[in-house]
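Data block below; observations after.
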Amino acid sequence: MRDRQTDRGGILDSVAAHAAGLVALVLVAYLPAFGGGWLWDDDILITANPLVTEARGLWGIWFNNTSPDYFPVTLTACWIEYRLWADWAPGYHAVNIAWHAANTVLVWQILVRLGVPGAWLAAAVWGVHPVTVTSVAWVAERKNTLSMFFGCLSVLGWMSYEDSGERRFYGWSFLSFVVALLAKTSLVTLPLILLVLSWWRRGRMTQVDLLRTIPFLLASLVLGLVTLWYQMSHGSGPSSGPLAAILASLPRGGVLAGRAVGFYLWKDFWPTKLAMVYGVWPLETSRPAAYLPTLVVAAVIAGLWWQRKKPWARAGLFAATVFLLALLPILGFLPATFMKSHGSVADHWQYVALVAPVALAVAVGLKGRDRWLPGWAGRMVAAAALILLGTLTFRHAATHRTPKALWTQNLAVADVWDARVGLGRALSEEGNNAAAIVELKRAIELYPAATPAWIGLGVIYTGEKRYDEAVHAYQVAIDQGGGDDLLQAAGLAAALGGDLARAEAFFARGAAKRPSDVGVRLDGALALEKLGRHREAAARYREALAIDQTDPDALNALAYLLACHPGGTGSGDAEADASEAVALARRACTAADDGDPSFLDTLATALAAQGDYPAALEVADRAVTLAEEVGDAALAAEIRGHRELFRSGRPFLPE
């Protein structure tokens with residue numbers, strides 16, 4: 001008994017040591033990613049997503065989701081993390097790397113259960129492979145790392161059920177699979193992969209196996225259709241019905257599939273010149289020769305099946321089938337938004353599929369090592385491979401630390417419009433608008449329908465007071481199907497340029513499309529206020545408050561207008577305007593827990609307009625202190641100027 005317990009303890013210690021080794025390898029390879037920032041559409045997923053940033057968003061994530069796709073488990077994870085570190089990017093990067101490390105350990109356990117030679121080495125290679133960097137160092141691809149974690153649990157549960165017959169393992173497998181789909185629906189083909197695993201382990205596939213997968217297949221069908229519906233209803237997918245969209249995609253898949261498989265395999269075995277976006281390939285579906293690569297892939301599979309009784313063919317067939325099934329949703333046969341304008345292939349799409357060719361290559365390599373190399377030499381080769389891959393991953397992860405580094409590297413590999421837009425935004429944030437405009441215009445040359453490029457130009461032109469050009473850029477973006485918020489931006493640019501009639505038209509369209517949106521009214525009122533049309537601006541601010549009486553921005557904006565122009569907003573009664581301004585400013589400060597220095601400045605300005613200078617000075621002192629604490633030197637200086645006026649017994653009355 002004691003010997004048996006000792007053996008069991010030794011095994012557990014060995015498992016823990018091997019798992020720790022995998023985790024350590026991943027953490028070292030991804031060290032540069034820990035300090036990374038926000039990339040590409042991370043704002044859409046997290047920092048600018050009210051479903052994540054607002055406390056009440058959790059309900060919306062599951063039951064009133066406005067995202068382009070339905071992945072509530074991923075958004076729930078982000079919602080929880082936002083409560084922990086808000087918009088501090090390193091926190092999210094650390095968690096994503098942790099998920100990847102956990103996935104690496106689970107991949108090892110799956111390969112062990114499948115009897116794959118060199119299971120630990122294969123998992124290690126997968127864990128530090130450069131192709132996985134996009135999934136790990138890009139926070140928005142939390143969808144990948146999270147869905148694979150639960151997908152791996154589903155596979156382990158499936159094999160445990162087959163080995164023991166205990167129903168709890170079947171339930172574990174099914175529930176894990178559903179959670180994986182709710183993190184990202186790209187794992188819809190996992191039920192078919194489970195059947196292939198059963199065939200590999202037992203040498204046959206039975207009717208019972210097929211029946212066991214029916215609940216899994218139904219879950220794939222339902223959530224796959226939900227994803228298609230989300231994409232179509234949000235305007236990012238096909239405008240026809242799901243079936244028509246799939247049928248229309250079949251010729252594209254017939255041409256793309258073979259080329260994509262070749263591309264992915266090439267990157268798997270020669271992982272250099274990797275990029276976030278590779279661009280859209282021209283696909284001539286009317287040319288018969290274009291289908292040849294896909295036919296070659298089909299012929300290889302058929303040949304392996306024909307020779308399946310031979311061990312080498314059986315192993316090759318197993319790996320190839322798993323690889324193709326994992327890639328199937330993104331080989332072009334199904335509608336995919338990303339494929340339309342961004343890229344026909346993407347590294348993050350083969351995050352799961354990469355396991356199959358890596359495991360096969362390691363197994364073949366070990367067989368060759370046993371034949372041609374002594375033990376120590378084989379171990380040296382394996383160590384060298386891990387060091388090389390880890391170094392490539394370390395370097396590639398470093399390019400994901402900032403948008404500028406990412407897109408500059410991308411352009412060195414592929415000159416695509418997404419990279420030009422990303423670099424343009426990074427340059428604009430640095431204040432180099434001239435260079436940013438060049439990049440954005442180049443993006444439009446590459447792809448005239450690059451709506452983000454037109455929006456970027458609109459933002460820059462507005463900031464440089466080139467209002468006519470800004471309005472034109474926004475109008476193009478609107479015509480291309482840009483969001484309703486562009487109507488506000490265009491209206492503001494038109495108003496600042498003096499074209500009030502056009503501005504009113506933009507704001508009216510925005511209000512009609514978003515009748516309950518306070519922001520539309522606030523932007524319209526701000527434009528009117530800048531033009532000196534204070535009465536009309538006050539009316540717009542009151543419209544905003546009619547929609548939401550507690551909106552702090554609306555309360556503050558109207559209070560500031562009344563305090564700065566008492567008697568000039570339509571009432572003709574300066575005393576009444578100042579009194580109302582004080583009441584509104586107090587409500588705004590309360591809503592912000594007295595934590596916004598600009599709101600406190602408004603209250604001080606309103607108190608001064610009312611003639612209560614001692615109170616105004618006291619509030620202004622608090623506002624200056626708070627502005628300095630949050631590091632807003634410009635606001636602190638502005639409030640000091642107001643405070644000097646109050647100290648001399650004068651209100652702040654801008655011209």
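The values are calculated or read from the model by the stated rules, or taken from the named source; none is laboratory data. This one's a predicted model, so the numbers in the text were calculated from it and none came from an experiment. Positions of Cβ are generated from backbone atoms using ideal geometry, with glycine treated the same way; all protein chains shown enter the neighbour counts.
Restricting attention to segment 567-585, and to residues there that are in contact with a helix residue (DSSP H, G or I) (Cβ under 7 Å, 6 or more places away or on another chain) and surrounded by fewer than 17 Cβ atoms within 10 Å (Cβ to Cβ), which single residue is modelled with the highest pLDDT? In this case the residue turns out to be G567.
Here is the figure for segment 563-597: residues that are in a loop (DSSP other than H, G, I, E, B) and hydroxyl-bearing (S, T, Y) total 2. Pairs are defined by a Cβ separation below 7 Å, a sequence spacing of at least 6 or placement on different chains, a first member in segment 241-257 that is farther than 17 Å from Y291 by Cα, and a second member that is surrounded by fewer than 19 Cβ atoms within 10 Å (Cβ to Cβ) and at pLDDT 80 or above; the pairs so defined are P242/L225. Elements of the type helices (runs of 4 or more DSSP H) sitting completely within segment 93-192 and holding at least 1 residues that are touching a residue at least 40 places away in the same chain (Cβ under 8 Å) and surrounded by fewer than 24 Cβ atoms within 10 Å (Cβ to Cβ): these cover 119-127, 142-164, 167-183. Within segment 435-456, residues that are closer than 21 Å to F338 by Cβ reach partners that are among the aromatic types (F, W, Y) with beta carbons closer than 6 Å, at six or more positions or on different chains, in the pairs A443/W417; L446/W417; Y447/W417; A450/W417.
The single condition among (1) under 23 Å from the mean Cα position of the chain (by Cα); (2) surrounded by fewer than 15 Cβ atoms within 10 Å (Cβ to Cβ); (3) of a type outside the set (K, R) that A302 does not meet is (1).
V352 meets the stated requirement of being of a type in the set (A, V, I, L, M), modelled with pLDDT of 90 or more and not in a helix (DSSP H, G or I). Scanning segment 596-616 for residues that are within 15 Å of L555 (Cα to Cα) and not charged (D, E, K, R) turns up P597, S598, F599, L600, T602, L603, A604, T605, A606. If only residues of segment 586-610 that are surrounded by fewer than 20 Cβ atoms within 10 Å (Cβ to Cβ) and among the hydrophobic types (A, V, I, L, M, F, W, C) are counted, the one that is farthest from L626 (Cα to Cα) is A591. One residue stands out among those in segment 51-102 that are of a type in the set (S, T, Y) and at pLDDT 90 or above: the one that is farthest from A137 (Cα to Cα), which is T76. In summary, R395 fulfils each of the numbered conditions (1) within 30 Å of T185 (Cβ to Cβ); (2) of a type outside the set (A, V, I, L, M, F, W, C); (3) at pLDDT 95 or above with the single exception of condition (1).
Tell me, please, whether a residue that is touching a Leu at 6+ places or on another chain (Cβ under 8 Å), in the same structural domain as C589 (by TED's automatic domain parsing) and either surrounded by fewer than 24 Cβ atoms within 10 Å (Cβ to Cβ) or closer than 30 Å to S341 by Cα (or both) can be found in segment 558-566.
yes
Being more than 16 Å from the chain's Cα centre (by Cα), hydrophobic (A, V, I, L, M, F, W, C) and within 25 Å of V178 (Cα to Cα): is that true of W85 here? The answer is no for W85.
Here L653 meets each of (1) of a type in the set (A, V, I, L, M, F, W, C); (2) modelled with pLDDT of 90 or more; (3) surrounded by fewer than 20 Cβ atoms within 10 Å (Cβ to Cβ); (4) out of contact with any Lys or Arg (no Cβ under 7 Å at 6 or more places or on another chain) with one exception, condition (2). As for segment 606-627, it holds no residue that is polar (S, T, N, Q), modelled with pLDDT of 90 or more, under 22 Å from A574 (Cβ atoms) and part of a helix (DSSP H, G or I). Return a yes/no flag: does segment 462-469 have any residue that is part of a helix (DSSP H, G or I), out of contact with any Asp or Glu (no Cβ under 6 Å at 6 or more places or on another chain), among the polar types (S, T, N, Q) and surrounded by 21 or more Cβ atoms within 10 Å (Cβ to Cβ). Checking segment 462-469: at least one residue is part of a helix (DSSP H, G or I), out of contact with any Asp or Glu (no Cβ under 6 Å at 6 or more places or on another chain), among the polar types (S, T, N, Q) and surrounded by 21 or more Cβ atoms within 10 Å (Cβ to Cβ). In the set (1) out of contact with any helix residue (DSSP H, G or I) (no Cβ under 7 Å at 6 or more places or on another chain); (2) over 29 Å from K530 (Cβ atoms), the condition left unmet by A398 is number (1).
Please go through segment 448-468 and give me each residue that is of a type outside the set (A, V, I, L, M) and more than 22 Å from the chain's Cα centre (by Cα), ordered by number.
P448, G458, Y461, T462, G463, E464, K465, R466, Y467, D468
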